[in-house]
Amino acid sequence: MRSTAVAVATTLAMAGGAHAEDAHTAEVEMASAGAFYGLALGVWSSIELDLSARPAAWVSAGTTAGGLFAGLQLVDSLDLSVGQVRLAEGAGLWAALDWVLLCGELDALGEETAWLTFGVTALAAGGALLAAHQGFDPSPGHVSLVNSGGLWAMPAGLLFGYTFHLGSGEHLPRDLLVLNLLGLGAGIGLAHAYDPSREQVLYLDAGLLAGGLGGGLLGVMIGVGTDTEEIATGLTLLGMAGGAWIALEAAGFDDGDADRAATPKRRAARKAAVTMPLWAGTW
Amino acid sequence: MVRSLALLLCLAAPAAAAPAKAGRAEALIFTTAFGFYEGIALSWLLDEHDLLPSGDAGVAAGAGLTLLTTGLTLGAGWWVTEEYGVNEAQARIVNSSLIWALLNGTMLTSGYGGDGEDALWASLVSGWSGQALGILLAANVDRTPGQVGLMNTVATWSGAETAVVLGAFHADQSGPYLTWPALVADAGLLAGSWIASRVIISDSRARMLDLGALAGGLAGPAALFMLWGPEEHLQSWYLGAVAVGIPAGIATAWYLTRDWDDGEAPEVSSRALMVPLAGGLF
């Protein structure tokens, strides 16, 4: 009986430690993101408002410190997990990139749109935090998968388009925007179907990278004499697909629970959140 | 009673024979990237000495060589990590060692006025040495990710501090100016390893120290700017403020996070030996 109690106490202590580390990691990441956002906003504001050095220093120091403390406060008050923080960071970054691409496509890149980029970033990150507040709690593996989808879809799509002569390349920002959104969407869909750990998604990234490099280099070796670049781009794509497949075979894709360190309250909230419909619900 | 004894035995039993692989993907990404770089650098060097055929055949040969180096390093990394395992801390030790060695090679070469070819050779030799040293360390030193993070923190900010102090004292910013920060960062690596071997620190706390150093390094000169505005003759003071701000930021972060490691199970790694040194493989 005593041994059971010791064993249970040890397990609980380890779970408590893991949760504390999870919370601290969330704090560090959110504080860093807040500080960098505040610094960028302060520097940009100072340049745009044509401030002299002294007030610019005040503004930048204020926004940086504000961002840092806001990040810490948000994690504490909302009890954010690492997955939720990374969701907010990813949402902000992807929204900023997509906004810039949209402006680029519409030939509208300028001072006003740069101002709006800060707004779009904050809005997207705020939306993600609101979803987190409503109980949406993805694992780090889920967020990593969605980010990987958004990242890899762009080179893969461009390679596909080049290989099969789809489009003239005149609308590169539009193509990148669409590919990024498709990749993010595919990542969200896959994250609903599977529960990978962050480690497994890293395996996938390694497979895509190694396969793409291998296929591309093989394509250059074969195609350089024939002046057909499509061989290199096509083999890069095939290599990426092969690398991804090997990575999935080797590492699997369903160990997500292993990288979660949640409180009972958060676990209950997550259980409620995943039963919500993807588009009709909060998220 | 029997059930509770069985439960305790399960918990107390040594870990299963399967080696830990939590850091494998991270290690493979770095290995693959460096293998690719090796191929590109070697192709360029061979081409410089007319050891590659000209034209398309040369391009194909360079691609083949790069494919070979990428494949070999990936394959070797895959085999070693499959056979012996690699946990997160070990992967970080090997990756950090590679990055620090590359940085050293580049800085020392540029410090002594080396040309592009020298820089490439230096990057290759330092990269190989760094990986080898990292593997030896990972195989024989049992550290947590937080301890590796602390080691990197000490090295990074001691190097940065040296660069700033040299700048504040109007050191000649040409030639070997970059050599000193690199050497002090190396000393910081040793000092950081020593400190890290004596404290249990979480990864998040080590990262908070980095954030503190960064914030302090920015806050120092920002405070002087707020007081005095930009004055060219005060440049040394601004750099001095960075030099003061970095350790102040680290100290503040250390103090504010003083209870972060309390009560936590230490993150001691499972000592999955990546390469058994005593076994004679290396």
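Tell me, please, whether a residue that is in contact (Cβ under 8 Å) with a residue 40 or more places away in the chain, touching a Leu at 6+ places or on another chain (Cβ under 7 Å) and of a type in the set (A, V, I, L, M) can be found in region B:176-185. Checking region B:176-185: at least one residue is in contact (Cβ under 8 Å) with a residue 40 or more places away in the chain, touching a Leu at 6+ places or on another chain (Cβ under 7 Å) and of a type in the set (A, V, I, L, M).
Can you tell me which of A:TRP58, A:TRP44 is aromatic (Phe, Trp, Tyr) and within 11 Å of chain B (Cβ to nearest Cβ)? After ruling out the rest, the residue left standing is A:TRP58. Filtered by the rule that a residue be more than 8 Å from chain A (Cβ to nearest Cβ), out of contact with any Lys or Arg (no Cβ under 9 Å at 6 or more places or on another chain) and part of a helix (DSSP H, G or I), region B:222-232 gives B:LEU224, B:GLU232.
Matching residues to (1) buried (at least 21 other Cβ atoms within 10 Å of the Cβ); (2) touching a Ser or Thr at 6+ places or on another chain (Cβ under 6 Å):
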residue	(1), (2)
B:ALA22	yes, no
B:LEU46	no, no
B:ASP50	no, no
B:GLY62	yes, yes
B:ALA76	no, no
B:GLU83	no, no
B:SER97	yes, no
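Within region B:186-221, the residues that satisfy the criterion of being more than 14 Å from chain A (Cβ to nearest Cβ) and either without any contact (Cβ under 8 Å) to a residue 12 or more places away in the chain or part of a helix (DSSP H, G or I) (or both) are B:ASP186, B:ALA187, B:GLY188, B:LEU189, B:LEU190, B:ALA191, B:GLY192, B:SER193, B:TRP194, B:ILE195, B:ALA196, B:ARG198. Filtered by the rule that a residue be within 13 Å of chain A (Cβ to nearest Cβ) and over 19 Å from B:PHE36 (Cα atoms), region B:48-63 gives B:PRO53, B:SER54, B:GLY55, B:ASP56, B:ALA57. Would you be able to tell me the number of residues in region B:64-86 that are in a helix (DSSP H, G or I) and either more than 7 Å from chain A (Cβ to nearest Cβ) or touching a Cys at 6+ places or on another chain (Cβ under 8 Å) (or both)? Residues in region B:64-86 being in a helix (DSSP H, G or I) and either more than 7 Å from chain A (Cβ to nearest Cβ) or touching a Cys at 6+ places or on another chain (Cβ under 8 Å) (or both): 15 in total.
Conditions tested, residue by residue: (1) of a type outside the set (A, V, I, L, M); (2) out of contact with any Ser or Thr (no Cβ under 7 Å at 6 or more places or on another chain).
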site: B:VAL164; (1), (2): no, yes
site: B:GLY167; (1), (2): yes, yes
site: B:ALA182; (1), (2): no, yes
site: B:ASP186; (1), (2): yes, yes
site: B:LEU189; (1), (2): no, yes
site: B:SER204; (1), (2): yes, no
site: B:ALA219; (1), (2): no, yes
site: B:ALA248; (1), (2): no, yes
site: B:THR257; (1), (2): yes, yes
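Just to be sure, is B:ALA122 under 23 Å from B:LEU42 (Cα atoms), modelled with pLDDT of 90 or more and among the hydrophobic types (A, V, I, L, M, F, W, C)? The answer is yes for B:ALA122.
The values are calculated or read from the model by the stated rules, or taken from the named source; none is laboratory data. What you see is a predicted model; the values in this text were computed from it and never measured. When we count neighbours, we look across all protein chains shown, and the Cβ atoms used for this are built from the backbone with ideal geometry, even at glycine.
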